[in-house]
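Structure record follows, encoded as structure tokens.
The values are calculated or read from the model by the stated rules, or taken from the named source; none is laboratory data. Quick caveat, the model's predicted, so the values are computed rather than measured. Cβ atoms come from the backbone with ideal geometry, glycine included; neighbour counts cover every protein chain shown. Only protein heavy atoms, including side chains, enter the accessible area calculation; ligands, DNA and RNA are left aside. Shrake-Rupley method; radii C 1.70, N 1.55, O 1.52, S 1.80 Å.
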Amino acid sequence: MRVSLKWLKEFVDVDVPVEELVERLDMTGTKVEQVVRTGQALHGVVIGRVLRKEQHPNADKLSYCQVDVGTAEPLRIVCGATNFSEGDKVPVALVGATLPSGLTIKRAKLRGLESEGMMCSASELGVGSDASGLLVLPDDAPVGAPYAEYAGLGDTILELEVTPNRPDCLSMFGVAREVGAVLGRDVRYPEWSLKPHGESVDSQVAVEIEDPDLCPRYTARLIRGVRIGPSPDWLAERIVAAGARPINNVVDVTNYVLFELGQPLHAFDLNALARCDGLTRIVVRRAQPGERLTTLDGVQRELSEDMLVIADGSGPVALAGVMGGEDTEVSERTVDVLLESASFDRACISRTSRALGLISESSLRFERGVDPELAAVASERAAALIAELGGGEVAPGIVNVYPRPAKARRITLRCPRMNAFLGTSIASDEAGSILRRLGIVSEPLGDDLVCTVPTFRPDLEREVDLYEEVVRIWGMERVPSTLPGGRERVGGLDRAQRLERRIGVVLRACGLNEHIGLAFEDPRRVAACGFDLGEGEELVELLNPMSSEQSHLRVSTLPGLLDAVSRNQRHGVSDIHLYEIGRVFRTAAGRKLPKERVVLGAVLSGAWDRQQWYERPRQLDFFDAKGVLETLLDDLGVSPWRLEEAQHRWLQPGRSADVVARGEVIGWLGEVAPDLLAAFEVDGAVAAFELDVRSLARAAVGTRRYEEIPRHPAVKLDVAFVVPREVSAEQVATAIRSFGKPLLSEVRLFDVYADPDGAPERRLPEGTKSLAFSLEYRAPDRTLSEDEVRGVHERLVQRVCEKVGATLRG
Amino acid sequence: MDIAGSLIGLRDEALARIAQAPDLESLDAVRVAYLGKKGALTAVLRGLKDLPAEERPAVGRVSNEVRDAVEAALAERRAVLERDLLARRIRAEAVDVTLPGRRRPLGRQHIIHQIVDEIVDVFVGLGYRIAEGPEVELDYYNFTALNHPPEHPARAATDTFYVKDQSGGATGAGLESEVLLRTHTSPVQVRVMEKQQPPIYVLAPGKVFRRDVADPSHLPQFTQIEGLVVDEGITFGDLKGTLEHFVREIFGPDRRVRLRPHFFPFTEPSAEVDVSCAMCGGDGCRSCGGEGWLEVLGCGMVDPNVFRYVGIDSERYTGFAFGMGAERIAALKHGIPDLRLLIEGDMRFLRQF
């Protein structure tokens, strides 16, 4: 909402500096987004009086003048205009002044004579369109005074952010009332007088409202014999100050009253409306299917049944509350005007405006809510102004169809409760006086105030709404700050939340950086990855996605993480270690809300670190990801768990596994399939895993039991088994453990060897590999002797060899 | 030559060799040569027993002196050589202390989650618990129960992502369905109040979605932190005091806070909260657009209509709620010029915080 301070001052005294007004408005709920001072451009333009006007000796079309601008010596100015004579007062741009066109006035020689300034036309000053000659001013213009000040051009425009609950502030008068409350000043009401003549409007116009829910009130007046023409300067200026464009006197008056009082009005050319037996019939109704209307902006609109139209006998003539029709608009030929001032349903106007993509000053106000009580007042105000400016006659009376008059609401404000609610001690008479300036009449009743809320404040429905009015004007900054004193509360994170934090801590300790990816997903990528949806499961589909690449919700963090890998590589970053904890989504037929799961995803690519002086970088692979996983599961106390070979479309066969904890698959780990890497434009291997966080939480042990710290030394023996290649390390280790009781205390794999393919020299039998284990034997109650251990060890080795088909490496 | 004389000769010879021994091994060889089982000095000493008895005391004294002198010289020389050896080792082991240390760089937490955790910790300290809700929400929780009228513009398909309803529920006019991506964390308020009677002290951080094209100041997905308190006797002053505490904890003890009345459908009274600009302290500068204040959150007292939806008696209980955007706080606190950096996963960005 643009507010001209000059206009505002007609209704309320603003006797504080603009900065203070802005601050007070900000702090009472009307944010001032911008302050613009107009008229500044004419700095350096003063009023001058032409003392002498002579012919320029060297140019036929120029004159050479002496102009008094209030200084000791008159200025000598060369001028090309002819419409003035000695003694005339004109605006003079002094040397150094900059005109709205950007022209800066300099001392200049024109055809041999020096010119010390420039006398200006209205067009040069940007105050009118007349460029034919100088702007000759009335005789009483004070010589030497700044022109902008004399002409009243200096104004301050406040751009206000009006919140949706305050439709009353979408008018100059409404803002004046708010400013009055904020500054503690009373407002002045605009005044007018109306002298109706001729035949009463009732006998010429009939109005019918078919749907009173959508149009609670419709009024019409007639003004006959109007002379359409340009608006006087004061009116045109106001229209411009409010941010609109002057059109003609009648249209400008309707806009003026819209800005002044907040009531959108529409003027029809009466003679363009269909008439039957001398009667103009206005019907407010829903549009019929297929109906069309060309609106004032020249666009033909297809109407639908949920839109409200104003119709005459022939069809729609205006889109109610949004925009008038082109065929019935006021033009130069208009003589008689039918003035509509009505009230329409907020939701209906909002829907219509949105559906047509058509926003007008009128629709903006109706969709926020216009006080139905205002319709007749604003109509009278506008009719009086049209008659005054356009010289027409206002027909007596008003057609006023108002089936359900708005009623002022009565609300009791309990001052003690208000103070208990706010934490304040505001006296009830202080509250009463704040409310009075806002237009709310209150009567004391004990400690309470019985308030009558005017119809222009539809937002004030409940007692608490009045608390807000009081506290915002009284000053939120004056409310003492306290902390809640409730007794029954204990803060903290629950187990799942703590676990999620712990996961992050461990992964970061492992060197992974946290990423936050978008939840959106491209279904084609899901298909390319081959993520398996469960039986009957579907992707979650957006109805209004931003693009086809973001049309669904993700089922895995992997594609987003691969995107990040690719993006990093494109930027020259090759060592990438990322994790993300976020939700993934699936739905199924019959479900309203999808299933949301929190997953932990991670990717490793490149090396842990760049080349260092102490070691060479090593490319990260499957076992680096598994190492991170081991660290994490170990920290969380997940036991037992293992990796099981598994086939996943998105992982490279042979480097692909499920993570199984306590018998449940809780995720997967592996190296991303080469074709997928190519599809994501990723170079090099990417090791990745994804775990279901809730399953992880289930598998994590809450409490760890103390285990005795060994007091007796252990005996360590190493053994290397040669096994067929398909025997897993886990099979051998499990066998060792199963035969080791009770003395075997630790088993650690420390070497894996297989002859490289095509090696010229074979160190192992074809198709085998060597797994070397370090075994630790220990008894809890004594020091073991070498001999005792050797016997146990040899038996164990033999049984393991039999169990897994191993031989010993020589 | 008498024995005493030869002892003195051996002593002088031994002392000279000891003094010249270049290292510990040579020194040990000298010791063996004189004091070893077959050493020269040992042999002489062994011969003492063959001396006449009257000569023995005198010669014995001399021989003891000689042995003591040799042993002392050996010990002294050994100490010198050991010191030299250590000094050489230390010299040899000296490093360039300016070489980088051996390390595996720690990973970093995303700046948004650092901020969220920091805020969570402040409110946990004030006795709040953490609440969560679904990211795919029902219109009822996201709008209706938060007192948004049916025609509220936030419901527009241009602003809110709608999700296909698989339950066969009718899709309303245009694209709107009853299922959507939550546009704020406020629906968690409603879900908490539906499940729990007061006292309620919860904080709800989470992702939210708005249909904005990603640009330097907008993201289609961002992070909000919602707070809700419902109890007997909660006042607007409590809201103010709580937020002032929060702002000082997060932005620093010197920052000032102001509440500007505002409008939100689900709170009454409502306010926006500004923090004094860190750069100018409130005088107005370029970084705060000349205002001296930076808007960081919205807040208000829980609207009685919201209490009505969840069945809480608004005469008995009062409450407040507040919400803020973690991305905005990150941008303000850390000077992040383009919010898109937050979702790109660029290691060079992530590793800065």
Checklist entry - Within region B:239-259, can one find any residue that is within 7 Å of chain A (Cβ to nearest Cβ) and among the β-branched types (Val, Ile, Thr)? => result yes
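The rows are residues; the columns are (1) open to solvent by less than 30 Å² (accessible area, probe 1.4 Å); (2) out of contact with any strand residue (DSSP E or B) (no Cβ under 8 Å at 6 or more places or on another chain); (3) assigned by TED's automatic domain parsing to the domain that holds B:Phe307; (4) within 25 Å of A:Leu483 (Cα to Cα).
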| position | (1), (2), (3), (4) |
| --- | --- |
| B:Ser186 | yes, no, yes, yes |
| B:Val190 | yes, yes, yes, yes |
| B:Val202 | yes, no, yes, yes |
| B:His218 | no, yes, yes, no |
Next on the checklist: I need the full set of residues from region B:106-162 which are at the interface with another protein chain (Cβ under 8 Å from one of its Cβ atoms), more than 23 Å from A:Glu596 (Cα to Cα) and of a type in the set (D, E, K, R), in order please.
Outcome noted: B:Arg108, B:Glu151
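Would you call B:Cys299 open to solvent by 10 Å² or more (accessible area, probe 1.4 Å), in the same structural domain as B:Leu219 (by TED's automatic domain parsing) and either farther than 25 Å from B:Pro216 by Cα or touching a helix residue (DSSP H, G or I) at 6+ places or on another chain (Cβ under 8 Å) (or both)? Explain how you work it out, then say what you get.
Values: open to solvent by 10 Å² or more (accessible area, probe 1.4 Å): no; in the same structural domain as B:Leu219 (by TED's automatic domain parsing): yes; either farther than 25 Å from B:Pro216 by Cα or touching a helix residue (DSSP H, G or I) at 6+ places or on another chain (Cβ under 8 Å) (or both): yes.
No: the conditions fail for B:Cys299.
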Next on the checklist: If the requirement is being part of a strand (DSSP E or B) and surrounded by fewer than 19 Cβ atoms within 10 Å (Cβ to Cβ), which of these qualifies: A:Thr294, A:Thr280?
Outcome noted: A:Thr294
Item to check | 3 or more residues open to solvent by less than 80 Å² (accessible area, probe 1.4 Å), touching a residue at least 40 places away in the same chain (Cβ under 8 Å) and hydrophobic (A, V, I, L, M, F, W, C): qualifying strands (runs of 3 or more DSSP E) within region A:1-112 | outcome: A:31-38, A:45-55, A:75-79, A:89-94
Checklist entry - For A:Val179, all conditions in the list (1) crowded, with 20+ Cβ neighbours inside 10 Å; (2) hydrophobic (A, V, I, L, M, F, W, C); (3) under 32 Å from the mean Cα position of the chain (by Cα); (4) part of a loop (DSSP other than H, G, I, E, B) hold save one; what is the number of the exception? => result (4)
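So that you can scan it fast, the table gives a plain yes or no per residue for (1) farther than 19 Å from A:Ala376 by Cα; (2) open to solvent by less than 30 Å² (accessible area, probe 1.4 Å); (3) assigned to a strand (DSSP E or B):
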site: A:Tyr189; (1), (2), (3): no, no, no
site: A:His197; (1), (2), (3): no, no, no
site: A:Val207; (1), (2), (3): no, yes, yes
site: A:Cys215; (1), (2), (3): no, yes, no
site: A:Thr219; (1), (2), (3): no, yes, yes
Item to check | Filter result (among the acidic types (Asp, Glu) and either at pLDDT below 90 or open to solvent by 60 Å² or more (accessible area, probe 1.4 Å) (or both)) within region A:349-373 | outcome: A:Glu361, A:Glu373
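Return yes or no: is B:Val163 farther than 14 Å from B:Ile225 by Cα, in contact (Cβ under 8 Å) with a residue 24 or more places away in the chain and not assigned by TED's automatic domain parsing to the domain that holds B:Glu226? Please lay out each step first, then the result.
Working: farther than 14 Å from B:Ile225 by Cα: yes; in contact (Cβ under 8 Å) with a residue 24 or more places away in the chain: yes; not assigned by TED's automatic domain parsing to the domain that holds B:Glu226: yes.
Yes, satisfied.
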Checklist outcome for this item: Restricted to region A:113-161 and to residues being among the hydroxyl-bearing types (Ser, Thr, Tyr) and part of a strand (DSSP E or B), the residue farthest from the chain's Cα centre (by Cα) is A:Ser115
Next on the checklist: Consider region A:484-496. How many of its residues are part of a helix (DSSP H, G or I) and either modelled with pLDDT of 95 or more or among the basic types (Lys, Arg) (or both)?
Outcome noted: 1
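Here is a yes/no grid of residues against (1) closer than 30 Å to A:Val540 by Cβ; (2) small (Gly, Ala, Ser); (3) touching a residue at least 60 places away in the same chain (Cβ under 8 Å):
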residue: A:Pro594; (1), (2), (3): yes, no, no
residue: A:Ala607; (1), (2), (3): no, yes, no
residue: A:Glu615; (1), (2), (3): no, no, no
residue: A:Ala625; (1), (2), (3): yes, yes, yes
residue: A:Trp641; (1), (2), (3): no, no, no
residue: A:Glu644; (1), (2), (3): yes, no, no
residue: A:Trp650; (1), (2), (3): yes, no, yes
Checklist outcome for this item: Per the list (1) open to solvent by 30 Å² or more (accessible area, probe 1.4 Å); (2) touching a residue at least 60 places away in the same chain (Cβ under 8 Å); (3) under 30 Å from B:Leu219 (Cα atoms), residue check on B:Val116 breaks on (1)
Checklist entry - Does B:Met279 count as at the interface with another protein chain (Cβ under 10 Å from one of its Cβ atoms) and either crowded, with 20+ Cβ neighbours inside 10 Å or under 27 Å from the mean Cα position of the chain (by Cα) (or both)? => result no
Item to check | Failed item, numbered, when A:Glu726 is tested on (1) of a type in the set (D, E, K, R); (2) open to solvent by 30 Å² or more (accessible area, probe 1.4 Å); (3) touching a helix residue (DSSP H, G or I) at 6+ places or on another chain (Cβ under 9 Å) | outcome: (3)
Checklist entry - What's the number of the condition A:Ala342 fails, among (1) open to solvent by 10 Å² or more (accessible area, probe 1.4 Å); (2) out of contact with any Pro (no Cβ under 7 Å at 6 or more places or on another chain)? => result (1)
Checklist entry - Can you name the condition, by its number, that A:Arg508 falls short on among (1) within 9 Å of another protein chain (Cβ to nearest Cβ); (2) open to solvent by less than 10 Å² (accessible area, probe 1.4 Å); (3) assigned to a helix (DSSP H, G or I)? => result (2)
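Just checking: which of the strands (runs of 3 or more DSSP E) contained wholly in region A:532-645 hold 3 or more residues that are open to solvent by 60 Å² or more (accessible area, probe 1.4 Å) and away from chain B (no Cβ under 11 Å)?
Values: elements: A:576-588, A:595-605, A:641-645.
So the answer is A:641-645.
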Next on the checklist: When you scan region A:463-478, do you find a residue that is within 27 Å of B:Phe264 (Cβ to Cβ), part of a loop (DSSP other than H, G, I, E, B) and either of a type in the set (Ser, Thr, Tyr) or over 31 Å from the mean Cα position of the chain (by Cα) (or both), even just one?
Outcome noted: no
Checklist entry - Say we look at region A:646-666 and pick out the residues that are buried (at least 17 other Cβ atoms within 10 Å of the Cβ) and among the small types (Gly, Ala, Ser); which of these is farthest from A:Leu533 (Cα to Cα)? => result A:Ala661
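Go through region A:435-491 and report how many residues are within 14 Å of chain B (Cβ to nearest Cβ) and of a type in the set (Phe, Trp, Tyr). Full working, then the answer.
We begin by selecting, within region A:435-491, every residue within 14 Å of chain B (Cβ to nearest Cβ); these are A:438, A:457-491.
Subsequent filtering for residues that are of a type in the set (Phe, Trp, Tyr) retains A:467, A:474.
The number of residues fulfilling the criteria is 2.
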Checklist outcome for this item: Within region B:127-147, of all residues that are assigned to a loop (DSSP other than H, G, I, E, B) and open to solvent by 20 Å² or more (accessible area, probe 1.4 Å), the one nearest to B:Pro198 (Cα to Cα) is B:Glu132
Next on the checklist: Which count do you get for residues in region B:177-229 that are more than 23 Å from B:Ile250 (Cα to Cα), within 8 Å of chain A (Cβ to nearest Cβ) and touching a Ser or Thr at 6+ places or on another chain (Cβ under 8 Å)?
Outcome noted: 4
Next on the checklist: Can you find a residue that is touching a Cys at 6+ places or on another chain (Cβ under 9 Å) and closer than 21 Å to A:Val162 by Cα anywhere in region A:331-344?
Outcome noted: yes
Checklist entry - Can we say B:Phe236 is crowded, with 22+ Cβ neighbours inside 10 Å and either closer than 18 Å to B:Leu297 by Cβ or within 12 Å of another protein chain (Cβ to nearest Cβ) (or both)? => result yes
